[in-house]
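The values are calculated or read from the model by the stated rules, or taken from the named source; none is laboratory data. All figures in this text were calculated on a predicted structure; none of them were measured in a lab. In this analysis, Cβ positions are derived from the backbone assuming ideal geometry, glycine residues included, and neighbour counts consider all displayed protein chains.
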Amino acid sequence: MTEEDLCYLSATDALRLFKSRKLKPSDLLAALKARTARLNPKLNVFADQYWEEAEQQALAADARYAKRGAKLRALEGIPLAVKDAQRVKGKRTTHGSLVYQHTVDDHSDPMIERLQKAGAIIFARTTTPEFCLSGVTHSRIWGITRNPWNPAWGPGGSSGGSGAALAAGLTTLATGTDIGGSIRIPAACCGVIGFKPPHGRNPDGPPSNFDRFNHCGPMTRSLADAALMQSVTAGPHPLDHDSLRAKPRLPAKAASIKGLRVAYSVDLGYVNVDPEIRHNTLLAVDHFRDLGAIVEEVDLGWTDEVDRDCMHWYNTMHFGRQALWHRKDSAHLMTDYALKMAEAVERNSSINDVHKVFARTHAMQQTLGPILAKYDVFICPTNNAPSVKAD
């Protein structure tokens, strides 16, 4: 097996090879380390890296697999890259900002805690824009992250480092967080899988768990790996009162979709969609139809008022708040886009704006709810354009 073969192994295949003693966790980690040394200077997907510590953990995993009858955990020895916006005990989390460059966490977020307890080996942190404020991944602290498919283009954001690391074969699994597309956008830009779970399905730490738009989830190269990570992560946690009590059991293999009721909309009624994305979305729809699904186009009745109100909500009530908090004392450390977001919050946010957006989401649900009641699946493009330039 070549180095490239190892670096693009799925977690499920790696676990099978570990258990059959055809591959050691330390060998997989060594392949990722060598590839990272060559490619990360060009792509810049990683922030802090912990190779020495990870190598010791991989050797310990080697020993567990070598011992007959040893109790093996769900992710024993699997390399994991964690977004630099999720807390890891004893490590710094910069949130892509010079403001937090010296902040060391005294506890891990629930998702990270569970992945580590399941045996995953954290060897690196993935890059994110400052305070996760952008759909592109660049910051003053970490610089510009590039798309492995074409380094002139960006990987999306804000979990751009995770998406790019997976696409480049620099990690086996990665994590992401998502408010307005921060898992889904880079997954689409980089050609990998990203899952934003429903609110409460994956526990999170405060203050993120109080925000029903903010979720943490898996980023992988295969659907089976996403299901595996999600199975490890989901379930109630004492730090998150909103975490759902029922822990779902996700199958490792996909079942037939024959008879599945699928609704789709290419443009949600108002979005200007790139012709290539429109074409590929319709190809995906045809593929569902060929596999036996019952596929129908639906009209949501949404207009560009949806986009205007939702973006106002995201920009002023979500993304800009952290920038506004730090502007007074740390403006000299912040990026231009973070400062502009802080200005937008100060200028355009009020209690009336909040109520207006709540009214808008209620009106949207009046249309979307009946569609989701009638159909099993709703399909639409993630992005309306392939990506944006990195520089």
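Here are the numbers for the structure shown:
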{"item": "Some residue of the range 255-262 being surrounded by fewer than 17 Cβ atoms within 10 Å (Cβ to Cβ) and not in a loop (DSSP other than H, G, I, E, B)", "result": "yes"}
{"item": "Residue within the range 137-150 that is of a type in the set (Phe, Trp, Tyr), assigned to a loop (DSSP other than H, G, I, E, B), modelled with pLDDT of 95 or more and crowded, with 17+ Cβ neighbours inside 10 Å present", "result": "yes"}
{"item": "Residue in the range 124-135 that is over 18 Å from the mean Cα position of the chain (by Cα) and touching a residue at least 60 places away in the same chain (Cβ under 8 Å) present", "result": "no"}
{"item": "Residue in the range 207-214 that is of a type in the set (Asp, Glu), touching a helix residue (DSSP H, G or I) at 6+ places or on another chain (Cβ under 7 Å) and in contact (Cβ under 8 Å) with a residue 60 or more places away in the chain present", "result": "no"}
{"item": "Selected residue (criterion: surrounded by the fewest Cβ atoms within 10 Å (Cβ to Cβ)) from residues of the range 193-216 that are in a loop (DSSP other than H, G, I, E, B) and hydrophobic (A, V, I, L, M, F, W, C)", "result": "PHE213"}
{"item": "Matching residues, the range 263-277, being in a helix (DSSP H, G or I) and under 14 Å from ALA188 (Cβ atoms)", "result": "GLU276, ILE277"}
{"item": "Flag if ALA118 is among the hydrophobic types (A, V, I, L, M, F, W, C), over 28 Å from ASP329 (Cα atoms), surrounded by fewer than 24 Cβ atoms within 10 Å (Cβ to Cβ) and under 22 Å from the mean Cα position of the chain (by Cα)", "result": "yes"}
{"item": "Exclusive hit being touching a Pro at 6+ places or on another chain (Cβ under 6 Å), surrounded by fewer than 12 Cβ atoms within 10 Å (Cβ to Cβ), farther than 24 Å from PRO386 by Cα and not assigned by TED's automatic domain parsing to the domain that holds VAL82, set ARG245, ARG249", "result": "ARG245"}
{"item": "Matching residues in the range 57-76 - criterion: being out of contact with any Leu (no Cβ under 6 Å at 6 or more places or on another chain) and touching a residue at least 60 places away in the same chain (Cβ under 8 Å)", "result": "GLN57, ALA61, ALA74, LEU75, GLU76"}
{"item": "Qualifying residue in the range 338-356 (condition: under 23 Å from ALA85 (Cα atoms), in contact with an Asp or Glu (Cβ under 7 Å, 6 or more places away or on another chain) and either at pLDDT 95 or above or surrounded by 14 or more Cβ atoms within 10 Å (Cβ to Cβ) (or both))", "result": "yes"}
{"item": "Which numbered condition PRO151 misses (of (1) touching a Cys at 6+ places or on another chain (Cβ under 6 Å); (2) over 22 Å from GLN56 (Cα atoms))", "result": "(1)"}
{"item": "Residue within the range 288-311 that is crowded, with 18+ Cβ neighbours inside 10 Å, part of a helix (DSSP H, G or I) and touching a helix residue (DSSP H, G or I) at 6+ places or on another chain (Cβ under 8 Å) present", "result": "yes"}
{"item": "Per-region count, the range 61-98, residues assigned to a loop (DSSP other than H, G, I, E, B) and either over 30 Å from LEU333 (Cα atoms) or at pLDDT below 95 (or both)", "result": "12"}
{"item": "Which listed residue, of ARG321, ARG278, is farther than 20 Å from ASP178 by Cβ, surrounded by 13 or more Cβ atoms within 10 Å (Cβ to Cβ) and not assigned by TED's automatic domain parsing to the domain that holds GLY135", "result": "ARG278"}
